[in-house]
1. So, Ser152, is that one among the small types (Gly, Ala, Ser), surrounded by fewer than 22 Cβ atoms within 10 Å (Cβ to Cβ) and more than 18 Å from Val204 (Cα to Cα) or not?
2. If you check Val196, Val204, which single one turns out to be more than 13 Å from Val146 (Cβ to Cβ), of a type in the set (Val, Ile, Thr), open to solvent by less than 70 Å² (accessible area, probe 1.4 Å) and in contact (Cβ under 8 Å) with a residue 40 or more places away in the chain?
3. Taking the range 1-17 as the region of interest, how many residues are surrounded by fewer than 13 Cβ atoms within 10 Å (Cβ to Cβ) and among the β-branched types (Val, Ile, Thr)?
4. Given (1) in contact with a helix residue (DSSP H, G or I) (Cβ under 9 Å, 6 or more places away or on another chain); (2) assigned to a helix (DSSP H, G or I), where does Phe194 come up short, assuming only one miss?
5. Can you tell me how many residues in the range 18-36 are of a type in the set (D, E, K, R) and either surrounded by 13 or more Cβ atoms within 10 Å (Cβ to Cβ) or modelled with pLDDT of 85 or more (or both)?
6. Going through the range 112-171 one residue at a time, which ones are part of a loop (DSSP other than H, G, I, E, B) and either within 14 Å of Thr73 (Cα to Cα) or of a type in the set (A, V, I, L, M, F, W, C) (or both)?
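The values are calculated or read from the model by the stated rules, or taken from the named source; none is laboratory data. Please read these numbers as outputs of a predicted model, since none were measured by experiment. Here Cβ is always computed from backbone atoms with ideal geometry, including for glycine, and neighbour counts include all displayed protein chains. Accessible surface is based on the protein model in full, side chains and every heavy atom, while ligands, DNA and RNA are left aside. Shrake-Rupley method; radii C 1.70, N 1.55, O 1.52, S 1.80 Å.
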Amino acid sequence: MIRSLYITSKDLRTELRTKHVINSMLVFSLTVMVIFSLSLNNVLSESSVIDRVASGLLWIAFIFSGTLGITRTFASETENGCLEGLRLCPVESAAIYTGKAISCMCMMLVMEIMTLPIFVVLFNYSIPSIPLMATVILLGTAGFSVVGTLLSALTVNARTREILLPVILLPLLLPVLIPAVLATAKILAGKGFFDVATELRLMVVYNIIFFTLAHLLFDHTMEE
């Protein structure tokens, strides 16, 4: 785990110097929020309409912004032979995967933390249970990072990785994205923990299964 955190630290330090990924994700997310706010301007006062669409809009911004960032997870390592150097490091492939997944998750969480207040202001919304909302976002983001990191490594050498990655990533995200959207909708409607317990269990099971599979498959992915 310590070696994984070294890789995470390296990625986050690099991102703090350049801020390319975070800025791109944040600009995309805020643009989506503003566009939807303008398009729904006539119905923002109707709480019943906003209740039905708000959770979907929020996760659209999260997932597509995250996809923009996950593309760079391994693409940045291909420059100047950094990927080959990473393979030669005396660490297990699983440690590289875990470190990359954690760094991806951290950058997504930064983007989401900055997006949520904008969502609240633009849609004139309040979040009844912030800890419960944070739990759903954390589990959904973890599921995205677990799958996205593996597929980013798989497509890193593809010429059309910017197109290929979303095509294969989004269908695999549906088992975690659907419960996340449903749970978010319930939380925004004022429901409590027991009302979203089923969705939380589904996301936890999804994360465990795909994290285990990714650990088993990542070594073969790095050899390709």
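1. no
2. Val196
3. Of the residues in the range 1-17, 1 are surrounded by fewer than 13 Cβ atoms within 10 Å (Cβ to Cβ) and among the β-branched types (Val, Ile, Thr).
4. All conditions are met except number (1).
5. 0
6. Phe123, Ile127, Thr155, Val156, Asn157, Ala158
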